[in-house]
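Some notes on the structure that comes next.
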Amino acid sequence: MTVSDRCLTAQSIVLAMQQRIRTIMGHMAGRRKKFLGCAPIAFWACILSGQTPPTLAIVHATVIDGTGSPALKDRAVLIQGDRIVAVSPASGFQLPKSIQVVDASGKYLIPGLWDMHVHMRGSKNGSGPDFADENAALLPLYLANGITGVREMGGDLLADVLKWRSQILNGERLGPRIVTCGRKLDGPRPEWPGSIAISTPEEARSAVRRVKAIGADFVKVYNEVPNIPREAYLALLDEAKKQHMSVTGHVPLTLTVAEVSYMGQDIEHYNEYLVGCTHNERALKSDLLADRMGGGEYESAVVHGYNPNVARALFSKFAANHTWVTPTLVIAHQLATANKRSGPGPRLQYLGARWLATWTDREEVADELDKLRYRQALDSVRLMYRIGVFLLAGSDTGASNGGTFPGFSLQDELAYLVQAGLTPMEALQCATLNAASWLGQQDNLGTIEVGKLADLVLLDANPLRDIHNIGRIRAVVFNGQLLDRSRLNRMLAAVRDRSE
């Protein structure tokens, strides 16, 4: 080969590299294509073309990319701005001195987690400015626990939640990405402050349009007695479809669980679908609505009426209808725990007196009914997963939900999902890949792949061996920004000091 041939070949390589980096950058600008396996080309194209090279490199990590593929040992993950631009074997990279390098030898890199059921609110008596400050101060707890996004399920701090959502996106506040329902839609006498009361089909349609207009990302349905009337609920679903908004939430007593699934609503909480696992769901709901049965009697009848065969038939409908379920096993476990209100001691240091004072709506001692219901919740999750129901991980964290802790409780939820029968990988996917799918953000979130947002968690131990290792966090990368262990410790200390 002549010198001129070699020069021509080198020029062709550089041009090819430049074209590849332009392709990747085009994806980062918003195109919905994925480009995989081009890590060295992407990196060196930046160098040779004079463009800005990656700003952060995590090298020698074992990458658990969230796709379900086996873990990838000794990988380098390169980040430019807020995006992943390369995932490649670490050997052979010679990084420039200008790049920030994290040596992740012996560590495990996973996608950022999403808690798909949290509340940013005050007590049932209302919030006021104190609770807005309290919720804002707790936002860093999510990031410190590897949670880079949350699905906020309604409360009475809407203006603040929308402000925090914007500030976090703009880099003005440290906290997780937020998607929110805005306001919950409930029956004529809502249980929670901030909810919209619905009595008629016209009110239902107006409520959906209102939450969309204020910037809500989806619709949340609640079911305080008296419920949203059946015709109003049907109008709500129809209007949400017209407005291109997903609907999730509780199951109205005016419909069966199977009907709600068939009509396209997703379901929150184990106790909302367990009644559909009984032979007499319609009769139980009718008696409760007509005051022929009290709430405690109703709950007892649901637990003692649970039938695995009825459950299997219901969950088969969930799978056929593509119904997503967020079981919130944290709540089931908390209710079944001997001391319900205190929760794990070390975590209490992060919560202030006002927050802890809202933990008044649950009894101190668990009874046999609570314990049986928890076992049924685990059994139902195991059965749903085997049948192919789409599951999400959510903790139901929020003021007034005793024993739940922002950030920490999602780690508990993942452990309970494994206890229910999921593998650690499957549990992780409930908080990563599945969350991204529900959000319609598969091209941006949920896995460690080129072109995705750089939301990552670096762990000191393998979560696939023991899901509890999800709490052994060495660093978090949020939107391309490295939060190392010392930074995370300072964040935790600031929350703790404020709560004292």
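Each value in this text was obtained by applying a stated rule to the coordinates, not by laboratory testing. Nothing here was measured: the structure is a model prediction, and the numbers come from that model. Cβ coordinates were reconstructed from backbone atoms using ideal geometry, including for glycine residues, and neighbour counts include every protein chain displayed.
Note on the chain: Kirkwood hydrodynamic radius from all Cα pairs is 23.9 Å, rounded to one decimal.
Given the pairs 184/317; 163/242; 124/242; 184/241; 124/184; 163/220, which are separated by over 24 angstrom at their Cα positions? Before the final figure, lay out the partial values.
Working: 184/317 26 Å; 163/242 27 Å; 124/242 32 Å; 184/241 17 Å; 124/184 14 Å; 163/220 20 Å.
184/317; 163/242; 124/242, as the Cα separations exceed 24 Å there.
Indicate the gyration tensor shape class of the stretch 348-422 (rounded, prolate or oblate), computed on the Cα atoms with a ≥ b ≥ c the square roots of the eigenvalues: a/c under 1.5 is rounded; otherwise a/b larger than b/c is prolate and the rest oblate.
Values: a/c = 2.95, a/b = 1.64, b/c = 1.80.
Here the stretch 348-422 falls in the oblate category.
Can you work out the FRET efficiency for the pair residue 166 and residue 210, with r the C-beta to C-beta distance and R0 = 22 Å, to the nearest 0.05? Mind dumping the intermediate values first?
On the way: r = 19 Å, r/R0 = 0.88.
Result of the calculation: an efficiency of 0.70.
What are the lysines whose alpha-carbon lies under 19 Å from the alpha-carbon of residue 371, with same-chain residues fewer than 8 places away excluded? In chain and number order, the partners are 340.
Only lysines eight or more places from residue 73 in sequence, or on another chain, were considered; those with a Cα closer than 17 Å are 107. Treating the angle as unsigned and between 0 and 90°, give the value, to the nearest 10°, between the Cα long axis of helix 129-144 and the longest Cα principal axis of the chain. The helix 129-144 is inclined about 50 degrees to the chain. Backbone phi angles across the stretch 430-437, fed through the Karplus curve with coefficients 6.51, -1.76 and 1.60 (θ = phi - 60°), yield HN-Hα couplings of 4, 9, 10, 4, 5, 4, 4, 5 Hz in residue order; Gly and Pro are listed as x.
Each of 424, 459, 182 was placed along the dipole of the chain (beta-carbon charges, centred on the mean Cα), and the one lying farthest toward the positive end is 459.
Positive-end ranking of 355, 111, 492 along the dipole of the chain, with charges on Cβ about the Cα centre, is headed by 111.
Restricting to DSSP loop positions (anything but H, G, I, E, B) with no more than 14 other Cβ atoms inside 10 Å of their own Cβ, which trypsin sites (Lys or Arg not before Pro) remain in the stretch 426-500?
Working: sites: 452, 465, 472, 474, 485, 487, 490, 496, 498; in loops: 452, 465, 472.
Passing both the DSSP loop test and the Cβ count: 465.
Using a simple charge model, +1 on the beta-carbon of Lys and Arg, -1 on the beta-carbon of Asp and Glu, nothing else, what dipole does the chain show about its Cα centre, in debye to the nearest 20? Mind showing how you got there, number by number?
Values: 54 positive and 50 negative charges, 335 e Å.
Taking the Cα centre of the chain as origin, the dipole is about 1620 debye.
Mind putting a number on the dipole of the stretch 194-285 about its Cα centre? Charges go on the C-beta only, +1 for Lys and Arg and -1 for Asp and Glu, and I need it in Debye to the nearest 20. Don't skip to the answer; put the middle values down first.
Working: 10 positive and 12 negative charges, 42 e Å.
Using only the charged Cβ atoms, the result is roughly 200 debye.
Going by alpha carbons, how many degrees (0 to 90, nearest 10) lie between the helix axis of 408-420 and the longest principal axis of the chain? Result, in degrees: 80.
Relative to the dominant Cα principal axis of the chain, helix 3-28 is inclined by about 20°. Under the convention that each Lys and Arg Cβ holds +1 and each Asp and Glu Cβ holds -1, the size of the dipole of the stretch 72-159 around its Cα centre is about 460 debye.
Under the rule of -39500 (n - 2.57) per DSSP H run of 4 or more residues, summed and divided by the residues of the chain, what mean residue ellipticity at 222 nm is obtained, to the nearest 500 deg cm²/dmol?
Numbers: 18 runs with 209 residues, N = 500.
After summing the helix terms and dividing by the residues of the chain, the value is -13000 deg cm²/dmol.
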